[in-house]
Every structure is written in C-alpha cells, then in structure tokens.
C-alpha cells in the first residue's frame, strides 16, 4: 500500500502548511505524484498552468526523479475550489485549444525547472 502525493490539494486543504516541504517529507510512502499548480483569487483556489501558480515544484521534481517515483500532470481547468476547499465544477467543458495551450505552457515550465527537455513520447 502506498499513496499518491498531491501538493496542489494541500494548498486548499492545509493552507498553513508548505505543500512542497510536506510532500518531500511524505515521499518515502509515495508511489506516484500529481503535479498541479494553484493560485488563490478572491479566497478561491484555481488551477493555472504549471509554473504560473504558487508552487515551486523544482525540489520535488528532483526528489521524485532520485526516488524513481512517476508523476503526471493534473490540471483541472474546469474546476476550482471554494474558500472552504469544496470543489466547484464549471457548467461548460473547456475548449480543447485552451487545454492544449495550458499543456504546452506547463511543459515549458517543467522543462525549465528540470533543466532538460522532456521526451516526446513521455
């Protein structure tokens, strides 16, 4: 039994904690990690492209690589969390062109944090 790290969820669920520091502490029990950035706006939590929110994933990405723990992007463009962290889903789906743009910007930010280009097949 292991768990999935998700520092992005910690921002709204445990706002008094440093989500990246907490994720690094929990790393020994993890087998996967969601990479999701967060920004606060009017007390609510929104999920921008990776690298455009509050979280600096660079130290966690390095630790994930050193421990051979896979990660995946989770960018819930159609959802945000209310001040009490309750999820709120938009009525309409996100335009695929917007989704693609967010993925491209996220990839560029991750490559900058990692210091190398991600393989095209990953």
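One table, with the values for the structure above:
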{"item": "Among (1) 41, 28, 12; (2) 43, 17, 13; (3) 22, 19, 12, the entry derived from the coordinates for semi-axes √(5λ) of the Cα gyration tensor in Å", "result": "(3)"}
{"item": "Projected label distance in nm at residue 111 and residue 44, using a 7 Å step from Cα toward the beta-carbon", "result": "3.3 nm"}
{"item": "Relative contact order of the chain, pairs being alpha-carbon contacts under 8 Å that are 6 or more residues apart, as %", "result": "24 percent"}
{"item": "Choice from 67, 56, 42 with maximal GNM fluctuation in the chain (Cα, 10 Å cutoff)", "result": "42"}
{"item": "In range of the label at residue 86: residues from region 9-27 whose backbone nitrogen is under 20 Å from the point 7 Å along Cα→Cβ", "result": "9-15"}
{"item": "Fraction of beta bridges assigned by DSSP in region 3-114 that are antiparallel (%, nearest 5)", "result": "55 percent"}
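Every read-out reported here was derived from the displayed coordinates using simple, explicitly stated rules and does not represent laboratory data. None of these values were measured; they are calculated from a predicted model. Every residue, glycine as well, gets a Cβ built from its backbone with ideal geometry; the counts of neighbours run over all protein chains shown.
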